[in-house]
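To keep things clear, I will list the structure first and then write my remarks on it.
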Amino acid sequence: MNEHKKEYSFTEQKVRWVKKHTPKLLSFSITRPKDFDFIAGQFAKLGFMQGDEYISRAYSMISTENADHLDFYAILIEDGIMSGHFNQMQAGDSLLLEKKPIGFFTVSRIPQGKELVLLATGSGIAPFLSMLENETLWQKADKVALVHSVSYVDDLVFEQYLADLKDHAIVGKYANKFIYQPVITREKIDGALNQRIPQLLENGELENALNITFTKADTRFLICGNPNMVKESYEKLKAKGFALHRVHKDGEIMMENAF
């Protein structure tokens, strides 16, 4: 096993706490090495040894860049090997953390605009939770709208966290810029939209709910979550004239579909 471990570059970290929100949703926290630096929006590779086999997956940090710990949010997938490990994980257990974060879906790359619309499904909200506590995000636009789509109301596990941002030491002064719009696709709840995000983009309901007219000149989109939602949302926006934001070509859309 030691020879196998040499192929990987990871450190062993301790699980600080585990919180089960629902039977399928949990968040957890691990210790953070002093030399593990990341930009809000990036992923960490987490893993464990199963015999001689190293099992790992990428998860977005939901904690801030300057926190002394790393927090994560995950959906437990039936028969998923990492999900099975997370499901029995407890405070005090060990988890392997690869030494370098990954990903380019970062707060530093967000294109400047007047309105910033964050579109997430499920655990795709994770990078946005880290970004929301970074002052850089709030300086990118005059309005920041977070749209989180889930199947059932019990899946909206971060509503209190979002409500508490108004009292945040840094973010509080930008609270008047923030709009939160839940989307619940399998239940009808007051205040929540009821269709999938791609449909809401196509039929104009999202613009009406946010009271924002989406324009190429002013509106910027960050999309993260289910790969089908990311792809379909991009296609709907592309049909309306919006383009992908690239390293050498400015656009209005940034996407991440690693969830």
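The values are calculated or read from the model by the stated rules, or taken from the named source; none is laboratory data. This structure is a prediction, so every number in the text was calculated from the model and none was measured. Cβ sites come from the backbone with ideal geometry, for glycine too, and all protein chains shown count toward neighbours. These accessible areas exclude ligands, DNA and RNA; they are computed on the full protein's heavy atoms, side chains included. Shrake-Rupley method; radii C 1.70, N 1.55, O 1.52, S 1.80 Å.
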Return the whole-Å distance between the Cα centroid of region 177-239 and the Cα centroid of region 59-129. 21
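Would you calculate, for the chain, the mean residue ellipticity at 222 nm contributed by helices, counting each DSSP H stretch of 4 or more residues as -39,500 (n - 2.57) and dividing by all residues, to the nearest 500?
Working: 8 runs with 55 residues, N = 259.
The per-residue figure over the chain is -5500 deg cm²/dmol.
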Under a Cβ-Cβ cut-off of 11 Å, what is the net charge of the residues other than Arg57 that fall near it, where Lys and Arg count +1 and Asp and Glu count -1? 0
Positive-pole candidate from Ser83, Leu26, Thr121, dipole of the chain, charges at beta carbon: Thr121
Report the full-extension gain for the segment Ala239 to Tyr161: residue separation times 0.36 nm, less the Cα-Cα distance, to one decimal in nm. 24.6 nm
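Using a probe of 1.4 angstrom, how much of the accessible area of the chain is carbon and sulfur, in percent?
Of the solvent-accessible surface of the chain, carbon and sulfur hold 47 percent.
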Suppose accessible area is computed on protein heavy atoms with a 1.4 Å probe; arrange Tyr174, Tyr73 from highest to lowest. Tyr174, Tyr73
Can you tell me the orientation of helix 227-239 relative to the chain, as the angle in degrees between its alpha-carbon axis and the longest Cα principal axis, to the nearest 10? 30
Note to self: with every protein chain in place and a 1.4 Å probe, the chain gives an accessible area per residue in Å² of 49
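I'd like the FRET efficiency for Gln90 and Glu53, computed as 1/(1 + (r/R0)^6) with the beta carbon distance as r and R0 of 22 Å, rounded to 0.05. Before the final figure, lay out the partial values.
Working: r = 22 Å, r/R0 = 1.01.
So, using R0 = 22 Å, E works out to roughly 0.50.
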How would region 156-217 be classified by its alpha-carbon gyration tensor: rounded, prolate or oblate, with rounded meaning a/c under 1.5 and the a/b versus b/c comparison settling the rest? oblate
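Using a Förster radius of 51 Å, what is the FRET efficiency between Gln195 and Glu12 based on their Cβ-Cβ separation? Nearest 0.05, please.
Values: r = 45 Å, r/R0 = 0.88.
Calculated transfer efficiency: 0.70.
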Order the following by accessible area, largest value first: His248, His69. Probe radius 1.4 Å; ligands, DNA and RNA are ignored. His248, His69
Is the shape of region 1-92 best called rounded, prolate or oblate, per the rule: a/c under 1.5 gives rounded, else a/b larger than b/c gives prolate, else oblate, with a ≥ b ≥ c the square roots of the Cα gyration tensor eigenvalues? oblate
Surrounding net charge for Lys177, when Lys and Arg each add one and Asp and Glu each subtract one, Cβ distance under 10 Å: 0
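Given a cut-off of under 8 Å on Cα pairs at least six residues apart, what relative contact order in percent is computed for the chain?
This gives 17 percent for the chain.
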For region 34-48 versus region 150-176, the gap between their alpha-carbon centres in whole angstrom: 23
Among Asp190, Asp68, Asp164, what's the order by accessible area (1.4 angstrom probe), most exposed first? Asp190, Asp68, Asp164
Please give the length that would be gained between Thr213 and Gln139 if that part of the chain were fully extended, namely 0.36 nm times their separation in residues minus their C-alpha to C-alpha distance (nm, one decimal). 24.6 nm
Hey, got the dipole for region 115-259? About the Cα centre, +1 on K and R Cβ, -1 on D and E Cβ, debye to the nearest 20? 480
To the nearest 20 Debye, how big is the dipole of region 1-128 about its Cα centre, given +1 on the beta carbon of each Lys and Arg and -1 on that of each Asp and Glu? 320
Roll a 1.4 Å probe over the protein heavy atoms and report the accessible area of Tyr152 in Å², nearest 10. 100
With a/c under 1.5 counting as rounded, go ahead and sort region 133-259 into rounded, prolate or oblate using the C-alpha gyration tensor (a ≥ b ≥ c being the square roots of the eigenvalues; past the cut-off, prolate if a/b is larger than b/c, else oblate). oblate
I want to check the label-to-label distance for Ser151 and Gln112. Put each point 7 Å from Cα in the C-beta direction and report it in nm to one decimal. 4.3
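Among residues other than His148 whose Cβ falls under 15 Å from its Cβ, what is the net charge (Lys/Arg +1, Asp/Glu -1)?
Summing Lys and Arg as +1 and Asp and Glu as -1 gives -3.
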So how much accessible area does Lys216 have, in Å² to the nearest 10, using a 1.4 Å probe? 100
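Nothing charged except the Cβ atoms of Lys and Arg (+1) and of Asp and Glu (-1): what's the magnitude of the dipole of the chain about its Cα centre? Round to the nearest 20 debye.
So the magnitude is around 480 debye.
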Paramagnetic reach from His21 (point 7 Å along Cα→Cβ, amide N under 19 Å) across region 181-223: 181-197, 223
Can you give the accessible area of Thr213, probe radius 1.4 Å, in Å² rounded to 10? 100
